[in-house]
Amino acid sequence: MEQIVFYILASMIVVFSVLTVTTRKILRGAVYLLTVLLATAGLFFLLNFNFLAAVQLTVYAGGIVVLIIFSIMLTSHVNEKLESTGNKKKFFSFIAVLAGALICISTILDYSFKEKSGIEIDTSMNKIGKDLLSYGDGGFVLPFEVISILLLAAMIGAIVLAKRETQN
Amino acid sequence: MENISIQHFLIVSTLMLFTGIYGFLTRKNLITMLMSAELILNSVNINFVAVNKFLYPENLQGQFFAMFVIGIAAVEVAVAIAIIISLYRKVRMIDVEKVNEMKY
Amino acid sequence: MEGYTFTVLIPLILFATFLLIGLAGGKLKPVFSGIAGVISLSVVSLISYITAYDYFFVNGKVDGVFGKIIVYDAEWLRFTDTLFIKMGILLDPISVMMLVVISTVSLMVHIYSLGYMHNEGGFSRYYSFLSLFTFAMMGLVISTNIFQTYIFWELVGVSSYLLIGFYYNRPSAVAAAKKAFIVTRFADLGFLIGILLLSSLTGTFDFVELTNVNGSAVSAGSSVLFMGLSSMTWALILVFIGCAGKSAMFPLHIWLPDAMEGPTPVSALIHAATMVVAGVYLVARLFPLYALSAPAALEMIAYIGAFTSMFAAIIACTQTDIKRVLAFSTISQIGIMMVGLGVSGYSGESGLGFTASMFHLFTHAMFKALLFLGAGAVIHAVHTNEISGMGGLRKYLPVTHITFLVACLAISGIPPFSGFFSKDEILVAVKEKDSFLFYFESVVSGLSAFYMFRLYFGIFWNRNTTYEHAPHEAGISMKIPLIILAILAAVTGFIPFSEFVTSDGIPFVSHIHWDIAIPATIVGLSGIIAAFIFYKKESNLSDKAAASLGGFYNTVHKKFYIDEIYIFVTKKIIFNMVSTPIAWFDRNVVDGTMNGVASVTNFVSEKIKRFQSGQLQQYAFVMVTGMIIILALIFYFLKN
């Protein structure tokens with residue numbers, strides 16, 4: 001059962017990823033991206049990372065994709081077709097990407113990972129909250145605070161950048 | 001779960017990564033390039049989680065890093081879209097090949 | 001050496017005065033600068049006299065020899081273990097004598113300038129430069145090593161430059177200052193090379209070691225090097241080139257007459273009594289080396305000195321600017337000193353020439369300073385330098401008249417004035433060595449009597465010029481130095497110089513050789529009589545004589561066209577033959593190289609700037625490709 005779900009999700013991810021980067025219609029691209037992100041969340045559920053999957057859904061699917069769609073609305077028409085790229089550029093990019101993918105996949109297949117089975121991973125909200133805010137071993141309070149400052153800075157930066165310049 | 005190994009996840013994430021790179025290299029519209037960048041980031045998340053699950057199940061580092069990556073992705077998108085919108089206001093288009101004012 | 005520690009104060013006081021007046025002078029009333037200068041010079045003079053007394057009469061003589069005493073010696077710059085430069089104070093007969101000469105003349109000039117420069121602008125500047133000059137000159141004479149000498153030598157040159165160019169808004173003064181500086185600087189190049197050669201031969205800069213008769217320095221570098229002369233001879237000749245520049249020996253004399261553009265007291269101090277004898281002093285300082293290891297160089301010095309003295313004396317007879325007459329007379333007298341050094345041997349009575357030369361330096365400083373200060377008083381009274389604008393001044397300027405007469409008699413070698421004694425000694429020394437030079441110098445001596453009295457009669461007798469403003473005697477501050485110097489010029493001849501200053505430090509007793517003194521005096525008197533005939537009364541005798549000499553007179557009047565030759569050599573030959581090709585080389589080869597480098601860079605940049613296409617995806621593509629290549633390398637080729 002899990003195997004079937006994995007293959008379905010995996011094939012969704014691959015197919016819609018490819019569609020995202022090849023479709024000529026920009027809004028459709030955004031929707032395909034949303035599908036990829038949802039499928040990724042499904043993978044997280046599959047692996048029992050419920051909290052992370054929820055974050056993925058809310059932040060990515062609910063926040064980022066909506067933001068992207070907004071910006072698409074602001075800058076282009078819904079049915080606008082993107083200009084296609086030159087074939088030469090596509091060809092060379094494809095060669096490079098294919099080579100990279102082959103190298104990586106062959107390496108992954110060659111390498112013998114030492115999987116640890118039998119240990120059940122504890123992803124309860126309780127543990128996540130304690131780890132995230134503890135400052136002892138395995139605690140993540142420092143990056144947590146850093147990321148909060150980064151978010152604040154980005155918010156201010158985005159406002160400043162996007163604000164209309166005041167008329168003189 | 002016995003039949004799904006870490007390799008399966010890594011291969012999926014590799015394919016997603018290189019698809020994202022391909023998109024980043026070929027799309028002309030800045031927003032679609034941004035979407036490709038999101039794919040790249042997302043594939044990294046899958047890696048983190050898979051490694052956490054299969055190789056180091058005793059703690060949650062992979063999950064936390066995935067969360068931070070999501071946060072950073074949000075930040076990146078916010079700033080990038082702000083830049084794109086103000087660029088669009090200035091030059092009325094967001095074609096990356098034509099935005100080359102800063103060349104030599 | 002206790003007893004001399006206060007000698008250290010001499011340069012320190014002078015330098016402090018220079019700084020004080022130079023920095024604060026602008027804020028003080030000018031007269032305070034002058035008074036500060038006079039006071040500091042008085043103190044310095046006092047210290048010099050005490051030092052001299054101490055040296056000559058109390059401590060200096062050890063076992064009947066005046067030795068060299070190093071009062072103070074501090075290491076100043078150390079480059080390596082063997083190459084280092086010291087700063088110190090060396091006392092020996094000649095440096096002590098120079099201390100007395102410089103401080104005396106400088107003090108007189110300081111006092112005199114209070115009156116003379118009274119109405120001039122830049123009073124404080126003038127006094128600070130005077131202090132600087134005196135400091136440099138003192139530092140020069142008390143140097144313990146030749147490098148210290150060189151440093152102060154240049155400092156003297158600089159302060160001389162500053163003082164000649166004192167009237168910096170007068171183009172001729174600026175030109176004269178530049179000329180003096182460049183000519184002496186040019187000569188100093190020889191001096192510097194000489195120093196380097198000398199120190200590489202002997203391994204030391206130190207005067208005590210250099211002039212130690214029993215030391216290694218004297219015998220060093222005696223092998224034949226170049227053109228039949230030993231390397232030591234060459235080194236000493238090069239050093240002498242520096243001396244010739246400072247002391248205005250032919251053919252480097254051209255700057256001295258022009259240097260008269262400076263204020264007259266400056267001429268008295270620098271260009272008559274002190275700086276110009278620095279060359280003589282340096283030769284005397286290195287005398288054991290010259291006498292023992294380079295007699296050929298010494299002989300050359302004698303002949304150059306003799307030629308210069310005759311040459312300058314002849315020119316002096318035709319000049320009409322009184323300061324120029326005095327300038328050429330100075331050149332001539334320094335030539336005589338050089339002859340004295342050149343014919344001298346080392347040790348004992350054969351070193352009479354050395355003693356005589358120093359003696360003449362001493363007396364000459366007194367009477368020549370007096371002549372210049374007297375000339376300054378005359379110029380101050382009649383506001384012109386030209387002899388034709390003067391005449392009959394004896395009624396108006398009685399003090400100047402008498403003191404000037406004393407100086408003229410002294411320079412002419414009339415007993416009992418000082419010049420008689422020193423000139424006599426030089427002539428005796430010359431006669432012993434070379435009778436040709438003796439007759440030659442006798443003629444010079446007669447000529448000097450002639451041109452001095454030509455000047456004297458021209459100024460104080462001759463026609464009765466009517467003046468717009470009746471000339472009047474200068475103030476008390478100008479009279480006092482005249483009178484003091486006149487007394488000194490009259491009586492210093494009686495100092496038994498050979499009992500103090502000798503080539504090897506061992507005193508001996510010299511006598512007046514009447515068989516030489518009487519003919520010399522007669523020569524001097526005949527020069528005076530000739531001047532009397534020509535110039536006592538207003539007459540056209542001198543013009544007739546000039547006309548009968550014709551072209552020769554003109555040549556002499558134009559100073560043998562030496563200046564014109566220099567101009568020709570520099571402008572026509574050096575500028576065209578050397579400077580133009582060098583300029584071409586600079587413009588085409590040096591600049592061309594630089595331009596070539598620039599244009600190659602430009603060209604390459606133009607080609608590679610295409611990489612900066614502004615295409616984001618192109619950059620990303622290159623980056624990704626690179627990354628993939630690195631990945632491939634890591635995974636497949638660097639696996640183990």
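The values are calculated or read from the model by the stated rules, or taken from the named source; none is laboratory data. What you see is a predicted model; the values in this text were computed from it and never measured. Here the Cβ positions follow ideal geometry from the backbone for every residue, glycine too, while neighbour counts run over all protein chains shown. Remember, those area values only see protein heavy atoms, side chains included, never the ligands or the DNA or RNA. Shrake-Rupley method; radii C 1.70, N 1.55, O 1.52, S 1.80 Å.
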Give me the pairs, please: first residue somewhere in region C:251-267 and on the phi > 0 side of the Ramachandran plot, second residue anywhere and open to solvent by 10 Å² or more (accessible area, probe 1.4 Å), beta-carbon distance under 9 Å, and either six or more positions apart or on two chains.
-> none
Within region C:602-621, identify whether any single residue is within 14 Å of another protein chain (Cβ to nearest Cβ), modelled with pLDDT of 80 or more and closer than 30 Å to A:TYR111 by Cα, and answer yes or no.
-> yes
Every pair of residues 6+ apart whose Cβ atoms lie under 6 Å, when the first sits in region A:135-149 and is at negative phi while the second is hydroxyl-bearing (Ser, Thr, Tyr) and modelled with pLDDT under 90 | A:VAL141/A:TYR135
From the list C:THR5, C:THR51, C:THR17, which one is surrounded by fewer than 20 Cβ atoms within 10 Å (Cβ to Cβ), among the hydroxyl-bearing types (Ser, Thr, Tyr) and touching a residue at least 24 places away in the same chain (Cβ under 8 Å)?
-> C:THR5
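Condition test on A:ILE119, is it in a helix (DSSP H, G or I) and either open to solvent by less than 90 Å² (accessible area, probe 1.4 Å) or within 8 Å of chain B (Cβ to nearest Cβ) (or both)? Step through it out loud before you land on a result.
Numbers: in a helix (DSSP H, G or I): no; either open to solvent by less than 90 Å² (accessible area, probe 1.4 Å) or within 8 Å of chain B (Cβ to nearest Cβ) (or both): yes.
Answer is no for this residue.
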Condition test on A:TYR32, is it in a helix (DSSP H, G or I), open to solvent by 10 Å² or more (accessible area, probe 1.4 Å) and touching a helix residue (DSSP H, G or I) at 6+ places or on another chain (Cβ under 6 Å)?
-> yes
Might you let me know whether region C:494-505 holds any residue that is touching a strand residue (DSSP E or B) at 6+ places or on another chain (Cβ under 6 Å) and either surrounded by 15 or more Cβ atoms within 10 Å (Cβ to Cβ) or within 25 Å of C:CYS408 (Cβ to Cβ) (or both)?
-> yes
Tell me which of these A:ILE13 doesn't satisfy, since it passes every other one: (1) assigned to a loop (DSSP other than H, G, I, E, B); (2) at the interface with another protein chain (Cβ under 7 Å from one of its Cβ atoms).
-> (1)
For region C:407-439, the count of residues that are under 25 Å from the mean Cα position of the chain (by Cα) and part of a helix (DSSP H, G or I) equals 19
Residue in region C:54-81 that is modelled with the lowest pLDDT, counting only those that are open to solvent by 80 Å² or more (accessible area, probe 1.4 Å) and assigned to a loop (DSSP other than H, G, I, E, B) = C:ASP63
Pairs under 7 Å by beta carbon, first residue more than 8 Å from every other protein chain (Cβ to nearest Cβ) in region A:42-56, partner open to solvent by 30 Å² or more (accessible area, probe 1.4 Å) and polar (S, T, N, Q), six or more apart or different chains?
-> none
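Condition check ((1) within 8 Å of chain B (Cβ to nearest Cβ); (2) farther than 28 Å from A:VAL55 by Cα) across all residues:
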{"position": "A:MET73", "(1), (2)": "no, no"}
{"position": "A:TYR111", "(1), (2)": "no, yes"}
{"position": "A:LYS127", "(1), (2)": "yes, no"}
{"position": "A:LEU142", "(1), (2)": "no, no"}
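Before we move on, is A:ILE156 at the interface with another protein chain (Cβ under 9 Å from one of its Cβ atoms) and either touching a strand residue (DSSP E or B) at 6+ places or on another chain (Cβ under 6 Å) or over 25 Å from A:ARG24 (Cβ atoms) (or both)?
No; evaluated as a whole, the condition is false for this residue.
Mind checking which residues of region C:336-350 are in a helix (DSSP H, G or I) and buried (at least 24 other Cβ atoms within 10 Å of the Cβ)?
C:ILE336, C:MET337, C:MET338, C:VAL339, C:GLY340, C:LEU341, C:GLY342, C:VAL343
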Got a sec? Which helices (runs of 4 or more DSSP H) wholly within region C:530-640 have at least 2 residues that are β-branched (Val, Ile, Thr)?
-> C:551-557, C:562-567, C:580-584, C:591-608, C:616-632
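Can you find even one residue in region A:98-114 that is in a loop (DSSP other than H, G, I, E, B), of a type in the set (S, T, N, Q) and in contact with a strand residue (DSSP E or B) (Cβ under 8 Å, 6 or more places away or on another chain)?
No, region A:98-114 contains no residue that is in a loop (DSSP other than H, G, I, E, B), of a type in the set (S, T, N, Q) and in contact with a strand residue (DSSP E or B) (Cβ under 8 Å, 6 or more places away or on another chain).
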Scan of region C:422-441 for residues that are of a type outside the set (A, V, I, L, M) and either in contact with a Leu (Cβ under 8 Å, 6 or more places away or on another chain) or in contact (Cβ under 8 Å) with a residue 60 or more places away in the chain (or both), ordered by number | C:SER422, C:LYS423, C:ASP424, C:GLU425, C:LYS431, C:GLU432, C:LYS433, C:ASP434, C:PHE438, C:PHE440, C:GLU441
Is region C:11-34 home to any residue that is closer than 30 Å to C:PRO288 by Cα, hydroxyl-bearing (Ser, Thr, Tyr) and not in a strand (DSSP E or B)?
-> no
Could you name every one of the helices (runs of 4 or more DSSP H) located completely within chain B that has at least 3 residues being surrounded by fewer than 18 Cβ atoms within 10 Å (Cβ to Cβ) and within 14 Å of chain C (Cβ to nearest Cβ)?
-> B:61-91
Please state which one of C:THR625, C:THR593 is open to solvent by less than 90 Å² (accessible area, probe 1.4 Å) and within 13 Å of another protein chain (Cβ to nearest Cβ).
-> C:THR625
